[in-house]
Amino acid sequence: MENIIEFNHVQKSLGQFQLKDFSLTVKKGFVTGFIGGNGAGKSTTIKLIMNLLQPDRGSISIFGLNYAEHEKEIKQRIGFVFDENIFYEHLTLAEMKKIIKPAYTNWDEGIFKHYVEKFELPLKQKISSFSKGMMTKASLAVALSHHAELIIMDEPTSGLDPTFRRELLDVLHHIMEDEEKTIFFSTHITTDLDRIADYITFIHKGEHIFTKKSYQIEEEYAIVKGGLDLLDQETEREFIAVRKSKLGFEALTSDKTRIKTIFGDMALVEKPTLEDIMFYTKKGAEWRV
Amino acid sequence: MQIMISNHSKEPIYEQIYAQIKKHILTNELKAGQSLPSMRQLAKDLDISVITTKRAYEELEKNGFIYSVVGKGSFVSEQDNEMIKERKMRVIEEQLSMAIQNSKEIGITLIDLKELLTVLYREEE
Amino acid sequence: MYNLIRKDLILLKKPSMMLIPALLLYLYFDFSYIWSGFLFSIVIIMSLFSYDEKSSINTLLNSLPYTRKEIVSSKYIGALLFTLIIVFTIFIGNFLFHRELTAWRDILFIVGLVMGVTSLLLPFSYQFKSKYLMTGILVLFGVYMLVINTFIKNLNDIIREFVQTMLVTQNVQFYLIVTFSIMILYACSWLLSIHIYRKKAF
C-alpha cells in the first residue's frame, strides 16, 4: 500500500515543545484520524506536513516527493482546512475565491459552486461576518474545488454544531468513494472518528504512540473492570494505567487476550472508546515519570 | 440486499457485515456471479469506514464466498460443495425445527420423534 | 507569482478608490509631487505588506502552491509596479492640471527614493514586524539627531545640497552611478528578505 505522507525520524523543537524521533506513515485511499490532547503536537505535525515548519532533523515526504525540490507540485495536490480563519477578513468569499483560484491548475468552478450552494455560503458577504461554522464550510469548499488528492484538516469539527458535523462526515464519505483520495485530519471530538476513520494515529507529548486500523484498536485494547482484590504489583503492571476507587478498579490494557487469560471471568472486559485510550495513556505517562 | 449494523453490539462491525452477507449468499438471496456493491460504496451507505468494509470483504473472500476482479469489483462465488452443504444444513435445521414444534404441540416426545425419524430415514434407503 | 501580484491588486481595489483621488487632489493643489509620489508609493507598499503579515495569512499563502521565494519576490516586483502606477498617475495628473510634462529626472528621483527606502523597510519588517517600524524609525531618527548634534553638525545641509545637485545636475555618469547603486541595494534587500522569510515559522 502506498504511503502518501511519510515522516522519517523527524525532530522539531519549538520553544518548550519537542517532537521526538517522530515517524509516521499515512496510507493512500484511506481516512486517518489524528488524535492527541492539547499540546500533544497535532498542529505542529500538520504544519510540518504543509511545510509551514521545517524539521530540525529527519525527513518528510508527501506523495513520495520532498518539499525542497517539489514544493509547488505537492501543494497543487493538497486541499487544506485550518482551525483558524486564514482568509482576508475584509474581503468577500467571492473575492477570496478570485485570489485562490488562479493558484491551482486544476481549479473546478463547478465543484466550488456546488459546495457554495450545498453549504448555503454567502458569496457577497464579508468574511469577517462569518460564523465559525461558515468559516469551516468556506475553507472546505475551497479545499475541495481543485481535485486535491490529499485533504489535510486541522480540527475541522471544532466549533461546529452536530448537524453540520454529520454533514461534513457525509462529504468526507463522498470523497472517499474515490480510492485515489486520502484524508488526514486532527480532532479532539473522537466520536467523529467512529464513522469515518480507517486509521487512527495517536500522539502524546510529541511522541507517536500508535497508528492502527480502527478495528484493530478494539481487538487489542480493552477497558478492564474488577474488584481491588484482583490487583497486586504484578497484575497492575499488565495495564497502561489503573484507576482505583473504593468500589473497584478500572484499567486500560493493550493486550486484551492476555488479560482475558490472566483474569478469566473475574474481571469485566469492555470495548474502550478513543477517549479512554487517550485518558489512560496520559495517566500512564504521568505514572512512569 | 439488506444490511443492518449496530454500533452498540459487542460484535465488531466488520463481523456483522460478514455474517449478513454470508447469510444472503447461503440463503441464495445473492446468487453466484452477482456483483456486490463496491466496498467504498458500501462504506458510504452504511456510514462506516472503508477499512471496515474492506476487512469484511477480505474475510468473505478468504472463506470463498466472494471473489474480486481488479477494476471490476467483487462477485459472489460459484459455490463449492462445502458451501452447498452448509446451505442445505440450514434448510434441514429449519425444517426439523418446524417438525419439533409440531411435535410439541401434540405432545410427541423426543424419543417418539427420534423413532419416527429413524423409520422414515430407513424407508428412503 | 504573477498571481500573487494580482492578489495584491485585488486587495488594493478598495483602498485605491481613496488613494488615487487623494493623490490627484494633492497634484491639483500643487503640493510637491515628488514627496506625494514617494509618500503614496510607500503607503501602498507597506499597507500591502501589513495585510499579508498576519500569521493566518502567512499560513494561507504558504499552504497555496507558492514558494517562499515567490511570496517575497512578489512584494519586491509589486513594489516597483505600484510605484510606476503612482508615477504614471502623477505624470497624467501634472499634464491634465498644469499642462506640463513631468521631468524624467523627477520621475527617476521618486522611483529611486521609493526603491531605496523600500530596500530598508521590507527586510526590517520581515525580520521584526511592521508594527515595530515606527519604533525603528524613531530609533533611527534619534541616531540621526545624535549624529547631527555631536559628529557631523551640518549633515542636514549636506543632504539638502546632495538632493539639489542630484535634481539639477546634467552629469549622466552621476545618474548612472546612483541608479546602479540603488538597483544593487534593492537586489541585496530582496535576497536578504528571502533569506529571512525562508526561516520563518508560522
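When you go through B:LEU113, B:LEU120 one by one, which is the residue that is of a type outside the set (S, T, N, Q), modelled with pLDDT of 90 or more, surrounded by fewer than 16 Cβ atoms within 10 Å (Cβ to Cβ) and more than 29 Å from A:LEU172 (Cα to Cα)?
On the way: B:LEU113 fails: surrounded by fewer than 16 Cβ atoms within 10 Å (Cβ to Cβ).
Going through B:LEU113, B:LEU120 in turn, the sole match is B:LEU120.
Taking (1) of a type in the set (A, V, I, L, M); (2) closer than 20 Å to C:PHE202 by Cα; (3) touching a Phe, Trp or Tyr at 6+ places or on another chain (Cβ under 8 Å) in turn, A:ALA40 satisfies each apart from (3).
Within the range B:64-75, does at least one residue satisfy the condition of being within 10 Å of chain A (Cβ to nearest Cβ) and of a type in the set (S, T, N, Q)? Checked against the condition, which is being within 10 Å of chain A (Cβ to nearest Cβ) and of a type in the set (S, T, N, Q), the range B:64-75 yields no hits at all.
For the range A:193-232, a tally of residues being small (Gly, Ala, Ser) and surrounded by fewer than 19 Cβ atoms within 10 Å (Cβ to Cβ) returns 2. In the range A:73-87, of all residues being of a type outside the set (A, V, I, L, M, F, W, C) and more than 7 Å from chain C (Cβ to nearest Cβ), the one that is nearest to A:ILE127 (Cα to Cα) corresponds to A:ASP83. The criterion of being basic (Lys, Arg) and more than 10 Å from chain C (Cβ to nearest Cβ) does not hold for A:LYS98. Applying the criterion of being in contact (Cβ under 8 Å) with a residue 12 or more places away in the chain and open to solvent by 10 Å² or more (accessible area, probe 1.4 Å) to the residues of the range C:53-65, the residue that is farthest from the chain's Cα centre (by Cα) is C:SER55. Could you say whether any residue in the range B:51-67 is within 18 Å of A:GLY29 (Cβ to Cβ), hydrophobic (A, V, I, L, M, F, W, C), in a helix (DSSP H, G or I) and open to solvent by less than 80 Å² (accessible area, probe 1.4 Å)? Checked against the condition, which is being within 18 Å of A:GLY29 (Cβ to Cβ), hydrophobic (A, V, I, L, M, F, W, C), in a helix (DSSP H, G or I) and open to solvent by less than 80 Å² (accessible area, probe 1.4 Å), the range B:51-67 yields at least one hit. Based on what the data block shows, is C:LEU39 over 18 Å from C:SER193 (Cβ atoms) and away from chain A (no Cβ under 14 Å)? Answer is yes for this residue.
Flag: C:TYR33 does not match the condition of being over 16 Å from the mean Cα position of the chain (by Cα), surrounded by 14 or more Cβ atoms within 10 Å (Cβ to Cβ) and away from chain A (no Cβ under 11 Å). Quick one: is A:THR45 over 15 Å from A:GLU207 (Cβ atoms) and of a type in the set (S, T, N, Q)? Against the criterion (over 15 Å from A:GLU207 (Cβ atoms) and of a type in the set (S, T, N, Q)), A:THR45 does not qualify. Going by the conditions given, is C:GLU161 over 16 Å from the mean Cα position of the chain (by Cα), farther than 30 Å from A:THR44 by Cα, free of Cβ contacts under 8 Å to residues at least 40 places away in the same chain and loosely packed, with under 11 Cβ neighbours inside 10 Å? Taking the combined requirement at face value, the residue does not satisfy it. Residue count for the range A:140-166, restricted to those that are over 24 Å from A:LYS101 (Cβ atoms) and either polar (S, T, N, Q) or in contact (Cβ under 8 Å) with a residue 40 or more places away in the chain (or both): 4.
In the range A:115-233, which helices (runs of 4 or more DSSP H) lie fully inside it and hold 2 or more residues that are more than 14 Å from chain B (Cβ to nearest Cβ) and more than 17 Å from the chain's Cα centre (by Cα)?
Working: elements: A:132-143, A:162-175, A:191-196, A:214-220.
Where helices (runs of 4 or more DSSP H) fall fully within the range A:115-233 and carry at least 2 residues being more than 14 Å from chain B (Cβ to nearest Cβ) and more than 17 Å from the chain's Cα centre (by Cα), they are A:132-143, A:162-175.
Summed over the range C:6-18, the residues that are surrounded by fewer than 18 Cβ atoms within 10 Å (Cβ to Cβ) and among the aliphatic types (A, V, I, L, M) give a count of 4. Looking at the range B:37-50, is at least one residue more than 14 Å from every other protein chain (Cβ to nearest Cβ), assigned to a loop (DSSP other than H, G, I, E, B) and over 30 Å from A:ILE223 (Cβ atoms)? Among the residues of the range B:37-50, not one is more than 14 Å from every other protein chain (Cβ to nearest Cβ), assigned to a loop (DSSP other than H, G, I, E, B) and over 30 Å from A:ILE223 (Cβ atoms), which makes the answer no. Taken over the range B:16-45, the residue count meeting the criterion of being free of Cβ contacts under 8 Å to residues at least 12 places away in the same chain and at positive phi is 0. Pairing each residue of the range A:13-35 that is away from chain B (no Cβ under 14 Å) and without any contact (Cβ under 8 Å) to a residue 40 or more places away in the chain with any residue that is outside any strand (DSSP E or B) and hydroxyl-bearing (Ser, Thr, Tyr), provided the two are 6+ apart or on different chains, yields C-beta distances under 7 Å for A:LEU14/A:THR44. Residues in the range A:233-268 that are open to solvent by 30 Å² or more (accessible area, probe 1.4 Å), touching a strand residue (DSSP E or B) at 6+ places or on another chain (Cβ under 9 Å) and either among the basic types (Lys, Arg) or in contact (Cβ under 8 Å) with a residue 24 or more places away in the chain (or both): A:GLU238, A:ILE240, A:ARG243, A:LYS244, A:GLU250, A:SER254, A:ASP255, A:LYS256, A:LYS260, A:MET266, A:LEU268.
The values are calculated or read from the model by the stated rules, or taken from the named source; none is laboratory data. Since this is a predicted model, take the numbers as computed values, not measurements. Every residue, glycine among them, receives a Cβ derived from its backbone with ideal geometry; neighbour counts consider all protein chains shown. Areas reflect the complete protein model, heavy atoms only, side chains present, ligands, DNA and RNA absent. Shrake-Rupley method; radii C 1.70, N 1.55, O 1.52, S 1.80 Å.
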